[in-house]
Every structure is written in C-alpha cells, then in structure tokens.
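Okay, structure first, notes after.
The values are calculated or read from the model by the stated rules, or taken from the named source; none is laboratory data. Here the structure is a predicted model, which means the values were calculated and not measured. Cβ atoms come from the backbone with ideal geometry, glycine included; neighbour counts cover every protein chain shown. The protein model used for the area step is the full one, side chains on, heavy atoms only, and it has no ligands, DNA or RNA in it. Shrake-Rupley method; radii C 1.70, N 1.55, O 1.52, S 1.80 Å.
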Amino acid sequence: MSARFIVLLCLWLLSAITPAGADDYYELVPQRVAPDTYVFLGALEAFDFDNHGAVANSGFIVTEQGVVVIDTGPSRLYGEAMRAAIARVTDRPVVRVYITHAHADHFLGNNAFADVPIAALPATARTIRSAGEAMARHLYDRVGAAMRGTSAVVPDEIIVPDMEPVVDYGDHRLELIATAGHSPADLMILDRRTGVLFAGDVVFHDRAPATPHGDIAGWQQALAGAARTGFRIVVPGHGPVASDDTPLEQTGAYLRWLVERLQAGAARGDSAAELMFEALPPRWAALAVQPAEYRRSVTYLYPALEKATLE
C-alpha cells in the first residue's frame, strides 16, 4: 500500500466523520434591495431535504449603530450562515434581531444570535416558548441533518409598538407595525429612510399563502395596513421582492378567492375531500407550492366555514 494511498484514505475518513458546517447546507448570498439593505431569498418550495428548510426570506440593514437582522431562518446552521454572509458585507456587529412571527422557518436560527437582543411581539414570544421545540422537531423530520443543534431560543425583548412605534438606528428610522392575520401576531418593519417594508408572511409573492393559523378577515386588514405605509419596496415573507403593490394585491385576491370557494362548497354540501381535489383556476394553480397549500387550507379552514354555513 503506497504512502499516497494511505494519505488519501486518511483524508477521506476524516471528511466522513467531520460534522458538516453551515456552508455545507446553506449558500446564502445577500441581495441588495436598497441602500444598506439586504435580503436572503428563500426557495419557492415546501420544506425538503434539498433546500434544508430555507424557504422564507430573511434580511438585514447595515446602520451606523450596527446591523439589524429581520428573521433568522429555519435552523442554527442557517443562522450561522447568515452571520458569515453579513460579515462579508460589513464588519459592524449585529445589534438587534427582530422576529416577524412564530413560524419555524422564521425564528429557529435564533441559536446563532443568542449573544444579541432578540425582539418580538408578546404573542410571538409566548408561542416560541410553548411550542418552539415541537416546531424544531417537526422541521427536523422534514429536512433532516441541517437542523442539527437547533433549539428554540425565545426572544428576550418584548415589542410594544404603542409605546415605541419608531426606533432609530443611526439615520435608519424603523417603524414597528404590530398586526395579525397570517398568525396571531405579525410584525412588519418599515424603514422610513429607504421605504423598504419587511412584511413577513403578511405578504406572499408568486407562492401560495400558508393559512393554517390564519384569520382571513384580520389578514385582509393587515394587507390594507401594509398598503397604507407608503412603502417603496416590499420584502414578502416568501417570494421575490417588489417595488409595487403586486404582492399585496396577489395575496389579498388569493385569500378572497379561497374563502369564496370554500363558502360555495359548504353551501353546496361538498365534503372536504371533494373540495380538496377540485382543479384550481390557472392563476392560482401557477403559484408555487400548489396544490399542496390549497389542500392544507381546506384541511384547516373548511370545518369552521362548513359549520358556519350549516348554522
């Protein structure tokens, strides 16, 4: 056995037993969308072993006081990849993290930011405290080893927008907008300097909205509130960034169509199974993660609409 072969064999064995790092799972490239403002675009897919759960958008703003992060992604390794990507843009430290809502793909990267304040709305913090570990286990089942070392780090700062609706970071004035609809507590952040609105999952773009925890009437109100902010650029929770209100219009129209379709089915006496497998109109069939999201919406929303119709 040659010395060269032995060296190669040792290197192969070493690589086989060395744990994969963040770069082995996530190749995060920040997209500049405005001065000092960057977004990591998630995959337009459902969770799977190939995308490692990185399906939501996250972002950061570089300010004179330091870096402000919006959402931390689906895992500790994703959060570590975020921090490495941020460090390639600026040497300023991360000074605060904002979590838009308590869905796993938006907050489970908190592990990588445990050394800085993590802020969220009260209901978001409560949900992460009570259900975060279960969400982490569920996501591990969906995406596998990329979740290694991930735990639910609860935000340690509670946002009360009525008391502090605007926070200054150097010359970036961030308006903290508390709403609800996609989830029981949705935080939107408007940078008044650049006009960038980080809308979280209040807004989807070219991807079917996820509705399991949705209050559709409240969601429509949240969309109307987003439109009134006068934003110039909107960063949706999922899907491409836009410089007009197309994502808001698309999300609102889909939600209206969804409720009307379910109400009509209930009025006809259709079963959930009958509705679930009906063909979708071309406009909505073309959205990413269809028909899976539509079928999930039927599962979660139809029983209450059916009951209301019968009553």
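For this structure, a couple of remarks:
- The stretch 146-176 - residue that is among the charged types (D, E, K, R), in a strand (DSSP E or B) and in contact (Cβ under 8 Å) with a residue 12 or more places away in the chain and, of those, nearest to Ala217 (Cα to Cα): Glu175
- Residue match in the stretch 153-163 (condition: touching a helix residue (DSSP H, G or I) at 6+ places or on another chain (Cβ under 9 Å), at negative phi, open to solvent by less than 50 Å² (accessible area, probe 1.4 Å) and of a type in the set (Asp, Glu)): no
- The single condition from (1) of a type outside the set (Phe, Trp, Tyr); (2) open to solvent by less than 50 Å² (accessible area, probe 1.4 Å); (3) in a helix (DSSP H, G or I); (4) touching a helix residue (DSSP H, G or I) at 6+ places or on another chain (Cβ under 8 Å) that His138 fails is (2).
- Exactly one residue out of Ile189, Ile118, Ile177, Ile216 is over 29 Å from Leu301 (Cα atoms) and either out of contact with any Cys (no Cβ under 9 Å at 6 or more places or on another chain) or crowded, with 17+ Cβ neighbours inside 10 Å (or both), and it is Ile118.
- Verdict on Gln290 being open to solvent by 40 Å² or more (accessible area, probe 1.4 Å), modelled with pLDDT of 95 or more and in contact with a helix residue (DSSP H, G or I) (Cβ under 9 Å, 6 or more places away or on another chain): no
- Enumeration of residues in the stretch 233-253 that are open to solvent by less than 30 Å² (accessible area, probe 1.4 Å) and either among the basic types (Lys, Arg) or in a loop (DSSP other than H, G, I, E, B) (or both): Gly239
- Of all residues in the stretch 59-69, those satisfying the criterion of being crowded, with 24+ Cβ neighbours inside 10 Å and under 15 Å from the mean Cα position of the chain (by Cα) are Phe60, Val69.
- Only residues that are within 21 Å of Ala199 (Cβ to Cβ) and either touching a strand residue (DSSP E or B) at 6+ places or on another chain (Cβ under 6 Å) or modelled with pLDDT under 95 (or both) were counted in the stretch 58-67, giving 6.
- Test result for Pro209, out of contact with any Gly (no Cβ under 8 Å at 6 or more places or on another chain) and buried (at least 24 other Cβ atoms within 10 Å of the Cβ): yes
- Residues (of a type outside the set (D, E, K, R) and free of Cβ contacts under 8 Å to residues at least 40 places away in the same chain) located in the stretch 177-198: Leu197
- Residue pairs meeting the criteria (Cβ under 9 Å; at least 6 apart or on separate chains; first part of a helix (DSSP H, G or I), in the stretch 292-311; second of a type in the set (Phe, Trp, Tyr) and loosely packed, with under 15 Cβ neighbours inside 10 Å): Arg295/Phe277
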